[in-house]
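Take a look at the structure below.
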Amino acid sequence: MPSCCVAYCQSDSRWNTSLVSFFGVPKDPSLFEEWKRVIPIKRKALNPKSLVCQLHFQEQCIKKTNRKHGPRRLKTDSIPTLRLTPESNHSHQDTENQASLSMVFSVPGGLIVLKQKNRSNDENRSLCMDQLKLPGESWQSVKQVNDQQHPVLICYETIIVSLEPVVRKTALINFETKEIEYKVFQRKCPPLNTFLLTTFSSSAQLESSLQYFDCVRTCPGITDEKFHELKEFIFPFEFFEKGTWRSDSCLQLVAAVKQKTEDDLLKSACSKCNKMLRTTLQPHLDKTKQSPANVFKNQYLSREALLAKLTDLQKQNRTLELALKLQEEPEMVMIHNLDILKILIL
């Protein structure tokens with residue numbers, strides 16, 4: 001995880017849940033020396049691998065981009081001037097600036113920028129079901145009490161499939177234990193990453209986790225029709241449901257993809273279902289497509305093995321010819337049996 005090299009900086013992402021932009025040190029030797037002179041170092045001396053976060057630069061030092069979620073870059077000859085002393089890092093004004101930063105989530109298809117709540121105000125705001133802000137208009141919530149008599153808020157997203165409403169994503173929030181359980185189409189989601197929190201201590205953490213859950217794409221499984229003919233097979237760790245193959249350990253959500261084509265960003269399944277495709281579905285489909293002629297064609301024999309096989313086939317042919325002759329001429333059967341008895345007596 002990236003870490004700002006400036007001493008006293010509060011943006012160290014190893015303990016801070018919010019994300020900010022980090023910039024590398026300048027390559028120009030004279031500018032590097034200027035940075036080295038003004039920056040109080042946290043641990044190691046300033047080096048080419050050091051990173052400095054955006055909190056230490058004036059707003060005009062950062063280039064603006066036309067892309068909605070484009071990368072932030074420093075202007076040439078920019079020098080860090082903010083938050084370089086312990087007092088400035090803990091001042092009221094800087095705390096307000098830090099609290100107003102946006103949280104940036106990386107998901108397949110681009111970056112998602114979410115507004116971050118004022119942290120100081122949020123800590124003073126008690127956790128309340130009625131005040132929780134849902135991720136979007138397609139989300140609703142219902143108050144319930146579980147078997148342990150804990151207050152639970154069920155937040156769920158509804159989509160339309162074949163003109164019928166279907167619950168796609170569900171978050172079960174226990175306000176007693178401060179735990180969150182996530183489900184996609186009523187299947188529980190395994191741990192995904194640090195953005196999808198399973199526990200929370202503030203309203204800001206809870207709301208940002210719900211927003212990330214809303215933004216991240218669901219795993220479509222393997223929907224290719226050519227694999228539908230395998231639905232009669234029973235595999236130990238895979239299942240076929242409503243025209244889709246899924247792994248028993250499906251992650252339910254797709255937080256990262258190995259992009260090879262443009263469709264990978266929007267259609268790729270999770271890593272578990274992709275592994276199922278490579279190791280189970282595709283090999284079985286290839287087997288069913290192989291005809292006996294193709295199977296024989298792919299069996300290559302050495303010269304010695306081929307001669308031995310031909311000799312064996314010749315013996316089988318002679319045996320079959322003799323059996324046919326014995327069936328056609330009963331007298332020969334008697335003679336043949338007598339010959340066998342003579343051999344046994346001798």
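The values are calculated or read from the model by the stated rules, or taken from the named source; none is laboratory data. Remember, it's a predicted structure, so these values are computed and weren't measured experimentally. Quick reminder, even Gly has a Cβ in these numbers, built from the backbone with ideal geometry, and neighbours come from all protein chains shown.
Observations
- For segment 163-177, the tally of residues that are assigned to a strand (DSSP E or B), surrounded by fewer than 17 Cβ atoms within 10 Å (Cβ to Cβ) and β-branched (Val, Ile, Thr) stands at 2.
- Listed by first and then second residue, the pairs linking a residue in segment 232-257 that is of a type in the set (Gly, Ala, Ser) to a residue that is assigned to a loop (DSSP other than H, G, I, E, B) and surrounded by fewer than 15 Cβ atoms within 10 Å (Cβ to Cβ), with Cβ atoms under 8 Å apart and 6 or more places separating them unless they lie on different chains, are GLY243/THR223; SER247/PHE237; SER249/PRO190; SER249/PHE237; ALA255/ASN193.
- Search result, residues across segment 216-236 that are within 20 Å of LEU251 (Cα to Cα) and either in contact with a Leu (Cβ under 8 Å, 6 or more places away or on another chain) or aromatic (Phe, Trp, Tyr) (or both): VAL216, ARG217, THR218, CYS219, ILE222, PHE235
- Residue list for segment 14-39, filter: surrounded by 16 or more Cβ atoms within 10 Å (Cβ to Cβ) and either under 19 Å from ARG73 (Cβ atoms) or at pLDDT 85 or above (or both): LEU19, VAL20, SER21, PHE22, PHE23, VAL25, PRO26, PHE32, TRP35, ILE39
- Any hit, segment 204-224, residues being more than 30 Å from GLY136 (Cβ to Cβ) and outside any loop (DSSP other than H, G, I, E, B): no
- Any hit, segment 246-256, residues being under 22 Å from LEU192 (Cβ atoms), of a type in the set (S, T, N, Q) and modelled with pLDDT of 90 or more: yes
- Those residues of segment 179-192 which are touching a strand residue (DSSP E or B) at 6+ places or on another chain (Cβ under 6 Å), in a loop (DSSP other than H, G, I, E, B) and surrounded by fewer than 21 Cβ atoms within 10 Å (Cβ to Cβ), in sequence order: LEU192
- Test result for PHE195, assigned to a loop (DSSP other than H, G, I, E, B), out of contact with any Asp or Glu (no Cβ under 7 Å at 6 or more places or on another chain) and touching a residue at least 60 places away in the same chain (Cβ under 8 Å): yes
- Looking across segment 40-60 at every residue that is hydrophobic (A, V, I, L, M, F, W, C) and out of contact with any strand residue (DSSP E or B) (no Cβ under 6 Å at 6 or more places or on another chain), the one that is modelled with the highest pLDDT is identified as LEU46.
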